[in-house]
Structure formats: C-alpha cells, structure tokens
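The structure appears right after this line, and notes come after that.
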Amino acid sequence: MLRWLTAGESHGPALAAILEGLPAHVAITSGDISDALARRRLGYGRGARMSFEQDEIEIIGGIRHGRTQGGPVALRIGNSEWPKWEKVMSADPVDPVELEGSARNAALTRPRPGHADLVGMQKYDFDEARPVLERASARETAARVALGAVAAAFVEQATGAQIVSHVVQIGDARAPYGSVPAPEDVGYLDADPVRCLDPDASKAMVAEIDQAHKDGDTLGGVVEVAVHGLPPGLGSHVHWDRRLDARLAGALMGIQAIKGVEVGDGFGLASDPGSKAHDEIVSTESGIRRTSGRSGGTEGGMSTGELLRVRAAMKPIATVPRALRTVDVATGEAAVAHHQRSDVCAVPAAGIVAEAMVALVLAEAVLEKFGGDSVQETRRNVTGYLDSLRYR
C-alpha cells in the first residue's frame with residue numbers, strides 16, 4: 001500500500017526518493033522537509049562535511065501548493081559539492097587523461113574494516129571500493145529523512161500521533177532510565193549538542209566525544225524513538241511479517257551502522273521475573289490502560305495505544321582516524337585502511353534517521369488498518385474506530 005525507494009550516490013549530483021501510495025491532502029512543504037534534513041546534520045562530534053555539504057531539496061512531483069495529490073511523491077536532494085566530483089562520478093565515460101593526477105579518482109584498494117568496502121567489492125566484482133562506498137555511505141539517509149518527514153506529517157494529520165527521538169547513550173555515558181521526551185521537548189533536544197534530554201548525561205556524552213577525538217577514535221551509542229498518541233491495533237498477531245515490532249526492528253536495522261534493536265525495555269526484560277516484566281492492565285476514567293510501559297507500546301505484534309518506544313544501537317563509525325589494519329587488494333600485502341573525512345560520533349544524527357524509518361513503517365501500518373484516499377478519509381476512519389473502543 002505504501003512503497004518507497006531511494007537512489008543516488010554520496011558524491012553524485014543528487015539523491016532521489018519516491019514515496020508511492022500516500023493519500024491526498026497531506027500538508028507538507030519543501031520547508032518542512034528542509035527542516036528535517038537540517039536536523040540530520042546536528043550533533044556534537046560531526047565532521048566538517050556537515051557544514052559545507054548542504055541538502056538542496058526539490059519537490060519534483062506529487063505535491064501541489066503544499067498538499068499531496070495522491071500520486072507518487074518524488075524528491076530530489078541536490079549535492080552542493082557536485083562540481084568537485086563531476087568528472088570522477090560522471091555517469092558517462094570520461095577521457096582517462098582528464099582524470100590523471102586527480103586525488104579524488106585514486107583507486108581505493110585498502111578496504112576499511114567495518115564498512116561495506118571489501119565484501120561489496122567481492123560481491124559486485126570491483127577492483128576498488130569507490131563504487132561500493134558511494135552507495136553504502138550514510139549520506140543516503142538524507143533521502144530517507146526527506147521521505148520520513150512526509151510520512152510523519154501523514155501519521156500526525158491522520159492519527160494525531162507525534163514522533164520524537166533522543167540519544168540515551170554515547171560510549172559509556174548514559175541517560176537515566178525513564179527519561180523520555182514529549183513532543184514539546186523537540187526544540188530543547190535539537191538545541192542540545194548531543195540531543196539528550198538529561199543535561200548531566202549530555203555533558204558526560206560530550207566529554208566522551210572529546211576524549212575519543214583526542215584518542216583518534218570514534219564512538220557509537222543508542223538512540224530511542226518515542227511515539228505519542230498512537231492508536232491501538234496497528235500491525236497484527238496473525239503472521240510474522242505483519243507484526244509491528246518486527247517491521248520496526250527490520251526498518252531500524254536497515255540504517256547504516258545499526259547493530260541492535262529493542263522495543264521497550266527489550267533485553268532488560270530477559271533478566272526480570274514475569275511479575276515485574278509485564279504491563280498490568282487496569283480500568284481508568286479514560287478507558288483501559290496499562291500501568292507501565294516496559295513492553296514499549298506493543299503486545300502480540302500490535303500497537304497497544306500506549307507510548308511506543310523503540311531503541312537502536314549504533315556501532316562506532318568505521319572510518320577510524322588512527323587507521324585500522326587491512327589488506328591492499330591490489331598487492332595482497334598488509335596495509336592500513338583508507339582514512340577520509342569522518343565524524344567522531346554520528347549518534348545524534350542516527351536518531352533523526354530512526355525517526356524517519358519509524359514514520360515510514362507507521363504510515364504504512366496506518367494505511368493498512370484505516371485506508372483512505374485522502375487524509376480526511378483516513379482520519380474519519382481512525383475516529384470511528386477509536387469511538388468503538390470507548391468501553392473496551
């Protein structure tokens with residue numbers, strides 16, 4: 001019902017993104033998408049590339065006068081650095097004489113541990129890593145963030161649900177348990193250097209990044225996405241690939257450098273007895289509710305209507321300044337890995353990408369459950385459904 005696709009390379013002329021199946025009349029502008037892309041560039045520990053490589057958003061289809069029209073939404077995110085790479089990344093053949101002496105065109109034959117470099121070269125039969133790293137690069141996530149902004153607008157306008165992300169860990173520095181942001185905290189989070197809600201934890205995270213920078217190293221961490229106001233019943237228990245938590249886990253694991261996902265208290269529940277692990281159900285003036293949120297807002301593969309929480313663990317950036325050991329595939333001899341510009345830590349940006357992926361999954365789940373060719377129709381269906389649950 002909802003399909004999306006991205007295309008393009010890190011140093012190519014642009015990234016392209018298409019979102020098909022979105023209802024008409026979703027309010028969204030290029031400014032909204034630009035704001036989301038700017039948030040992706042936030043975060044202490046980012047490299048110089050974030051300051052000079054701008055995301056030039058262009059809506060090329062599917063939206064008219066700030067409203068979706070029901071057809072595919074097509075976006076183009078231009079690369080302001082393209083003139084420097086025009087010959088090296090040209091789609092058409094370039095005379096080798098024009099490329100002679102170009103540092104940017106030097107063959108990358110020393111694959112970086114932790115990157116897609118080596119296995120991508122093996123899989124696609126390349127002698128160097130450039131064709132692999134250009135697409136494997138996290139630069140591609142800009143296209144997902146752009147699509148996620150559109151999806152999040154639909155989810156909020158159809159259901160009232162709002163999506164927020166924050167950083168809960170960088171290196172050994174952790175935010176206290178239970179520190180979950182509300183939608184009104186987004187401004188505060190975006191102003192914080194590491195997008196952490198707890199000020200003391202934020203300072204500790206900055207100190208971790210500073211130390212890693214001094215050590216010529218990189219850091220990973222954990223981000224959490226919280227969704228407020230989601231209706232119950234998204235997803236299904238009837239088959240594995242319809243379970244909402246499974247779909248969220250797959251989407252988040254598809255982000256570059258993510259190595260672990262948990263819903264709610266996740267792995268922590270494995271050490272708790274059942275009497276403490278589960279969210280008890282009580283009757284309240286506002287309806288049936290759960291007394292806690294350890295399950296993260298899902299049960300049996302479906303949203304419960306409580307706060308949805310999902311976390312993703314990001315490994316340290318693999319482009320390590322101190323350069324890790326590798327093999328030069330051109331000679332077979334031991335070498336150190338290529339080191340290009342890199343961040344010390346990109347965990348705050350990973351939170352923004354995680355927001356986008358959660359938005360895309362939820363947009364699809366909302367359409368599966370409620371349908372609608374216009375956002376007004378979807379919203380009416382949501383309202384009717386919630387009214388029917390008043391006493392259940």
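Of all residues in the range 121-144, how many are surrounded by 19 or more Cβ atoms within 10 Å (Cβ to Cβ) and not in a loop (DSSP other than H, G, I, E, B)?
The total comes to 10.
Return only the number of the condition from (1) part of a loop (DSSP other than H, G, I, E, B); (2) modelled with pLDDT of 95 or more that SER342 does not satisfy.
For SER342, the failing item is (2).
Counting only residues that are within 18 Å of the chain's Cα centre (by Cα) and within 17 Å of ARG130 (Cα to Cα), how many does the range 1-14 have?
4
Return the residue satisfying two criteria in turn: it lies in the range 170-198 and is under 17 Å from ARG309 (Cα atoms) and touching a residue at least 60 places away in the same chain (Cβ under 8 Å), and of such residues it is surrounded by the fewest Cβ atoms within 10 Å (Cβ to Cβ).
VAL180
Cβ-Cβ distance below 8 Å, separation of 6 or more or different chains: which pairs start in the range 124-136 with a residue that is under 18 Å from ILE258 (Cα atoms) and end on one that is assigned to a loop (DSSP other than H, G, I, E, B) and polar (S, T, N, Q)?
Listed by first residue and then by second, the contacts come to LEU133/SER10; ARG135/SER10; ALA136/GLN256.
Name the residue, out of LEU147, LEU118, that is within 17 Å of ILE255 (Cα to Cα) and assigned to a helix (DSSP H, G or I).
Being within 17 Å of ILE255 (Cα to Cα) and assigned to a helix (DSSP H, G or I) holds for just one of LEU147, LEU118, which is LEU147.
Give me the pairs: first residue in the range 1-13 and closer than 13 Å to ARG144 by Cα, second residue crowded, with 18+ Cβ neighbours inside 10 Å and among the basic types (Lys, Arg), beta-carbon distance under 8 Å, and six or more apart or on different chains, which are they?
Hits for this filter: THR6/ARG144.
Residue check: is THR378 over 30 Å from ARG144 (Cα atoms), hydroxyl-bearing (Ser, Thr, Tyr), open to solvent by less than 70 Å² (accessible area, probe 1.4 Å) and in contact with a Pro (Cβ under 8 Å, 6 or more places away or on another chain)? Lay out the reasoning, then the answer.
Values: over 30 Å from ARG144 (Cα atoms): no; hydroxyl-bearing (Ser, Thr, Tyr): yes; open to solvent by less than 70 Å² (accessible area, probe 1.4 Å): yes; in contact with a Pro (Cβ under 8 Å, 6 or more places away or on another chain): yes.
Considered against the rule, which asks whether it is over 30 Å from ARG144 (Cα atoms), hydroxyl-bearing (Ser, Thr, Tyr), open to solvent by less than 70 Å² (accessible area, probe 1.4 Å) and in contact with a Pro (Cβ under 8 Å, 6 or more places away or on another chain), THR378 comes out as no.
Might you check whether a residue that is over 19 Å from the mean Cα position of the chain (by Cα) and in contact (Cβ under 8 Å) with a residue 12 or more places away in the chain occurs anywhere in the range 217-226?
yes
With the requirement that a residue be surrounded by 15 or more Cβ atoms within 10 Å (Cβ to Cβ) and more than 20 Å from GLU355 (Cα to Cα), what does the range 204-230 give you?
ALA204, MET205, VAL206, GLU208, ILE209, ALA212, HIS213, ASP217, THR218, LEU219, listed by residue number.
Any residue in the range 267-294 that is within 15 Å of GLY305 (Cβ to Cβ) sitting within a Cβ distance under 7 Å of a residue that is among the hydroxyl-bearing types (Ser, Thr, Tyr) and at pLDDT 95 or above? List the pairs, counting only those 6 or more apart or interchain.
As it stands, the answer is ASP279/SER295; ARG290/THR304, since those pairs meet every condition given.
Look at the range 315-336 and say how many of its residues are surrounded by 15 or more Cβ atoms within 10 Å (Cβ to Cβ) and touching a Pro at 6+ places or on another chain (Cβ under 6 Å).
Of the residues in the range 315-336, 1 are surrounded by 15 or more Cβ atoms within 10 Å (Cβ to Cβ) and touching a Pro at 6+ places or on another chain (Cβ under 6 Å).
The values are calculated or read from the model by the stated rules, or taken from the named source; none is laboratory data. Please read these numbers as outputs of a predicted model, since none were measured by experiment. Here the Cβ is made from the backbone with ideal geometry for all residues, glycine too, and neighbour counts use every protein chain on show. Accessible surface is based on the protein model in full, side chains and every heavy atom, while ligands, DNA and RNA are left aside. Shrake-Rupley method; radii C 1.70, N 1.55, O 1.52, S 1.80 Å.
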